[in-house]
Amino acid sequence: MTAAPAATGTAIGMSGLTVRFTTRRSQTTALDDVSLDIEPGEFVTIVGPSGCGKSTLLKIVAGLVKPTSGDVSLLERPVRGPQKEIGFVFQKAALLEWRGARANILLQAEMRGMDRAQAARRADELIEMTGLTGFEKALPHELSGGMQQRVALCRALLHSPPVLLMDEPFGALDALTREQMNAELHRIWRETGTTVVLVTHSIAEAVFLGTRVVVMSPRPGRIIRTFPVELPAHRDYAQVMSDPRFDRLATDLRGLLGSAAANH
Amino acid sequence: MTENSLDTAGRQAAADQAGGARATAAGPGGVGADGRDGTPSSTVVKPPTGGGRPPRPTLGRRAVTFADSLWRPALVLAVFFAAWWFVAAREYVPNYLVPTPGQVWETMTTQWSELARHTVVTLYETVLGFVLAAALGLVTAVAIAYSRTLDKALYPIVLFAQVIPKIAIAPLLVVWFGLGLTPKIILAVLIAFFPVVISGVAGLRSTDPELLDLAATMGAGPWRTFRKIRFPNALPHLMAGLKVAVTLAVVGAVVGEFVGASEGLGYVLLLANGNLDAPLLFADLILMSAIGIVLFVLVEIAEALLIPWHASRRAGVSLTTS
Ligand SMILES: Nc1ncnc2c1ncn2[C@@H]1O[C@H](COP(=O)(O)OP(=O)(O)OP(=O)(O)O)[C@@H](O)[C@H]1O
Ligand SMILES: [Mg+2]
């Protein structure tokens with residue numbers, strides 16, 4: 001795994017991002033004047049009501065959607081087109097239906113022209129870590145939704161990217177597996193110093209994983225507030241859940257999201 | 001694996017399969033059409049630990065699946081021949097119009113070497129025309145799917161080539177290229193080309209935009225994206241188009257032979273027609289159909305090998321028409 005990039009400057013910089021989608025029938029403002037700076041090694045979690053532009057925000061950072069106005073930078077360079085120093089986990093698993101789980105993970109290596117043997121070893125590690133052992137050859141339609149998401153996660157981690165963008169990666173998992181995956185992701189983040197931006201609908205997940213929680217308003221999406229998470233850098237799931245600071249933050253977030261939805 | 005799949009196929013297979021509870025999925029090589037009862041067990045539910053995939057079906061099992069896929073069409077054919085024989089033998093229709101199956105069979109066996117020679121000629125024209133149409137069609141489809149300019153420029157030409165009646169230009173082709181094989185092959189190409197282009201474009205354009213986004217974040221160039229994502233994704237559409245194309249290629253070749261030829265099944269058909277030789281006419285028609293059916297089945301087999309993963313294959317739905 002690559003070491004953390006030198007902790008200077010910003011890993012991701014967004015200033016005054018506005019996005020308007022014009023379709024034949026209507027015009028939607030998905031994001032309205034969003035500014036956010038993320039430092040290297042941070043784990044930022046984003047929560048907000050459905051349709052407020054969270055996915056759009058991640059795609060802008062990845063260079064897949066062009067903002068109507070505003071600037072984005074990734075690793076100190078302006079984003080002008082698709083970025084490849086990232087690992088992206090899409091909201092849908094987006095797997096190739098003709099490839100088995102392992103081959104789907106290795107797509108990352110093939111597309112980047114990485115060393116085969118090394119990539120294969122890394123893939124096996126990730127398969128083991130995410131509990132996909134025994135399903136290496138299973139096609140996507142033979143996997144459960146949660147397993148598909150885990151394959152997508154492995155694929156995003158295969159090349160040890162300095163920046164990881166994740167769009168509700170654990171949405172399709174059961175509560176227990178989700179906790180395990182959260183703990184696993186937390187460990188990966190701690191060990192690699194990767195910068196992570198993760199979108200989630202789960203307040204518990206946002207607080208457990210994040211060093212900062214960003215709360216967005218209903219459409220047009222704005223950042224209402226960001227909360228620093230005052231929990232130790234090294235977290236244990238059971239400990240965090242029983243920590244009074246976790247409770248307080250979760251209650252605040254729930255209140256804020258609730259009132260934002262009510263005012264809408 | 002499932003109870004209901006244990007009809008004809010399962011009953012015979014159960015004997016020679018130790019530990020009978022195996023997935024009866026037609027498997028990647030399950031030859032061609034595996035009837036409508038294609039087992040839903042192809043989505044194998046595995047235990048959470050260990051597991052692995054079910055073993056590939058054995059050769060014996062595959063043969064049984066194949067036999068199972070044949071008995072229904074065989075039955076239909078048998079009924080058809082019986083009805084034909086009944087009508088012809090009782091002379092409900094005059095014999096010089098509809099001969100009996102026996103007469104046709106006799107013509108086939110006595111004139112076998114001649115008929116075989118003509119069949120080979122038509123088969124050659126058809127296959128060559130089909131292969132050329134597939135190659136040209138695919139290249140055109142790629143050009144249209146990738147470039148807006150080429151899309152605008154090529155689509156009208158492709159459409160024009162399609163709507164112009166092939167039978168009307170056949171004489172022109174004969175004038176230009178003589179009585180040899182060339183005009184027949186050109187006609188087969190012209191007629192088989194269109195479905196390949198249309199299905200190829202539809203397939204290439206059906207790629208999930210999210211997959212293309214994914215490819216972009218992997219820094220892959222257009223060639224890699226085409227090879228690893230867009231082309232395999234287009235295959236199910238493309239194979240459907242190829243199945244239509246291969247049957248049309250036969251029509252192209254025969255139309256070419258109608259207009260001017262000294263060999264081939266189309267030429268024999270004209271001769272038989274002129275001589276009011278109904279048995280020969282029928283024998284010729286059967287051979288023409290046989291060419292089409294054999295080629296179609298070959299494309300089906302290719303499809304089963306190339307896209308065993310696709311939903312149309314998994315569900316056991318065969319004979320997809322575009
Ligand atoms: N390509 C597009 N064309 C038109 N409108 C779009 C497009 N992508 C997103 N939108 C609109 O932008 C808004 C934000 O979409 P986005 O997918 O970012 O929401 P989200 O916050 O991720 O929602 P969810 O939590 O449900 O995933 C929505 O109203 C959506 O309809
Ligand atoms: Mg979303």
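The values are calculated or read from the model by the stated rules, or taken from the named source; none is laboratory data. Model, not experiment: these values are computed from the prediction. A quick note on method: Cβ atoms are made from the backbone with ideal geometry, for glycine too, and the neighbour counts reach across all protein chains shown. Note: areas computed on protein heavy atoms with side chains; ligands, DNA, RNA excluded. Shrake-Rupley method; radii C 1.70, N 1.55, O 1.52, S 1.80 Å.
Select, from A:Arg225, A:Arg219, the only residue that is more than 14 Å from chain B (Cβ to nearest Cβ), away from ligand 1 (no atom under 16 Å from the Cβ) and over 13 Å from the mean Cα position of the chain (by Cα). Let's see the steps before the verdict.
Numbers: A:Arg219 fails: away from ligand 1 (no atom under 16 Å from the Cβ).
Just one listed residue meets the conditions, A:Arg225.
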Going by the conditions given, is B:Glu257 within 30 Å of B:Val98 (Cα to Cα), open to solvent by less than 10 Å² (accessible area, probe 1.4 Å) and assigned by TED's automatic domain parsing to the domain that holds B:Ile144?
yes
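Matching residues to (1) in a helix (DSSP H, G or I); (2) open to solvent by less than 10 Å² (accessible area, probe 1.4 Å); (3) at the interface with chain A (Cβ under 8 Å from one of its Cβ atoms):
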site: B:Leu214; (1), (2), (3): yes, yes, yes
site: B:Gly219; (1), (2), (3): no, no, yes
site: B:Phe226; (1), (2), (3): yes, no, no
site: B:Ile229; (1), (2), (3): yes, yes, yes
site: B:Pro232; (1), (2), (3): yes, no, yes
site: B:Ala240; (1), (2), (3): yes, no, no
site: B:Val246; (1), (2), (3): yes, yes, no
site: B:Val250; (1), (2), (3): yes, no, no
site: B:Ala253; (1), (2), (3): yes, yes, no
Quick one: A:Ser160 ticks every box in (1) open to solvent by 20 Å² or more (accessible area, probe 1.4 Å); (2) at negative phi; (3) not basic (Lys, Arg) bar one, so which box is it?
(2)
B:Leu128 being more than 14 Å from every other protein chain (Cβ to nearest Cβ) and within 26 Å of B:Lys243 (Cα to Cα)
yes
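If only one of A:Leu75, A:Leu17 is more than 15 Å from ligand 1 (Cβ to nearest atom), in contact (Cβ under 8 Å) with a residue 40 or more places away in the chain and not acidic (Asp, Glu), which one is it? Walk me through how you get there before you give the answer.
Numbers: A:Leu17 fails: more than 15 Å from ligand 1 (Cβ to nearest atom).
Matching residue, one of A:Leu75, A:Leu17: A:Leu75.
Any idea which of A:Ala238, A:Ala233 is open to solvent by 20 Å² or more (accessible area, probe 1.4 Å) and more than 19 Å from the chain's Cα centre (by Cα)?
A:Ala238
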In the range A:86-108, how many are within 9 Å of chain B (Cβ to nearest Cβ) and either at pLDDT below 90 or farther than 30 Å from A:Thr28 by Cα (or both)?
9
Could you please tell me which pairs satisfy a Cβ distance under 6 Å, a separation of 6+ or placement on different chains, a first residue in the range B:299-313 that is of a type in the set (Ser, Thr, Tyr), and a second residue that is open to solvent by 20 Å² or more (accessible area, probe 1.4 Å)?
B:Ser312/B:Thr320
Have a look at B:Ile144, B:Ile157 and point out the one that is in a helix (DSSP H, G or I), among the β-branched types (Val, Ile, Thr) and open to solvent by 50 Å² or more (accessible area, probe 1.4 Å).
B:Ile157
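Take the range A:15-28 and flag every residue that is surrounded by fewer than 23 Cβ atoms within 10 Å (Cβ to Cβ) and either among the aliphatic types (A, V, I, L, M) or more than 16 Å from ligand 2 (Cβ to nearest atom) (or both). Before the answer, list the steps.
Residues of the range A:15-28 that are surrounded by fewer than 23 Cβ atoms within 10 Å (Cβ to Cβ), as a first pass: A:15-16, A:18, A:20-28.
Matches in the range A:15-28: A:Ser15, A:Gly16, A:Thr18, A:Arg20, A:Thr22, A:Thr23, A:Arg24, A:Arg25, A:Ser26, A:Gln27.
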Taking only the range A:59-72 into account, find how many residues are more than 16 Å from ligand 1 (Cβ to nearest atom) and either at pLDDT below 90 or under 24 Å from A:Leu185 (Cβ atoms) (or both).
0
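Would you confirm, using the coordinates I've provided, whether B:Val93 is assigned to a loop (DSSP other than H, G, I, E, B) and within 22 Å of B:Leu269 (Cα to Cα)?
Details: assigned to a loop (DSSP other than H, G, I, E, B): yes; within 22 Å of B:Leu269 (Cα to Cα): yes.
Yes; evaluated as a whole, the condition is true for this residue.
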Within the range A:53-70, can you find the residues that are more than 14 Å from every other protein chain (Cβ to nearest Cβ), under 20 Å from the mean Cα position of the chain (by Cα) and under 16 Å from A:Arg20 (Cβ atoms)?
A:Gly53, A:Leu57, A:Pro67
Cβ-Cβ under 7 Å, sequence separation 6+ or interchain: first residue in the range A:50-64 and over 13 Å from A:Gln91 (Cα atoms), partner surrounded by 24 or more Cβ atoms within 10 Å (Cβ to Cβ) and among the aromatic types (Phe, Trp, Tyr). Which pairs?
A:Ala62/A:Phe88
When (1) more than 16 Å from ligand 2 (Cβ to nearest atom); (2) basic (Lys, Arg); (3) open to solvent by less than 20 Å² (accessible area, probe 1.4 Å) are applied to A:Lys84, the one that fails is (3)
Go through the range A:137-243 and tell me which helices (runs of 4 or more DSSP H), entirely inside it, have 2 or more residues that are within 30 Å of A:Ala119 (Cα to Cα).
A:145-157, A:175-192, A:203-209
